[in-house]
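Each remark here refers to the structure printed beneath this line.
The values are calculated or read from the model by the stated rules, or taken from the named source; none is laboratory data. Predicted, not measured: the structure shown is a model, and the values here were computed from it. No Cβ is skipped: glycine too gets one built from the backbone with ideal geometry, and neighbour counts run over all protein chains shown. These area figures cover heavy atoms from the full protein model, side chains too; ligands, DNA and RNA do not enter into them. Shrake-Rupley method; radii C 1.70, N 1.55, O 1.52, S 1.80 Å.
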Amino acid sequence: MQDLYCEWQRVREIEEAGALLVRPDGVVAWRNKEGTLDVGDAAEKLGRAICTVLNLPSLSTIPRERQSEPSKPSGTPLFA
């Protein structure tokens, strides 16, 4: 989809390299107007935003399920 009249850019209120954190109900929970070239800095900003939105002291307090090991392929093709 193209934004021919730049309406989305105007509504979102961020630069092209910025970021939005949107809740499942569609409410913008956090907005970073400018992007960053430093991946570590970007991860830190997003992590702080998530902690603020979820009222957590740190991301490490989020419970994570252990990922099961992927099963070995049976050798049977999916499509014949």
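At a glance:
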item	result
Index of the failed condition, residue 4 passing every other in (1) at pLDDT 85 or above; (2) open to solvent by 80 Å² or more (accessible area, probe 1.4 Å); (3) not small (Gly, Ala, Ser)	(1)
Inter-residue pairs, beta-carbon under 8 Å, first farther than 19 Å from residue 42 by Cα and in the range 5-23, second open to solvent by less than 90 Å² (accessible area, probe 1.4 Å) and part of a loop (DSSP other than H, G, I, E, B), 6+ apart	9/3
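Results for (1) open to solvent by less than 50 Å² (accessible area, probe 1.4 Å); (2) among the polar types (S, T, N, Q); (3) at pLDDT 90 or above; (4) farther than 24 Å from residue 63 by Cα, shown as yes or no for each residue.
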{"site": "9", "(1), (2), (3), (4)": "no, yes, no, yes"}
{"site": "16", "(1), (2), (3), (4)": "no, no, no, yes"}
{"site": "19", "(1), (2), (3), (4)": "yes, no, no, yes"}
{"site": "22", "(1), (2), (3), (4)": "no, no, no, no"}
{"site": "25", "(1), (2), (3), (4)": "no, no, yes, no"}
{"site": "34", "(1), (2), (3), (4)": "no, no, no, yes"}
{"site": "37", "(1), (2), (3), (4)": "no, no, no, yes"}
{"site": "49", "(1), (2), (3), (4)": "yes, no, yes, no"}
{"site": "52", "(1), (2), (3), (4)": "no, yes, yes, no"}
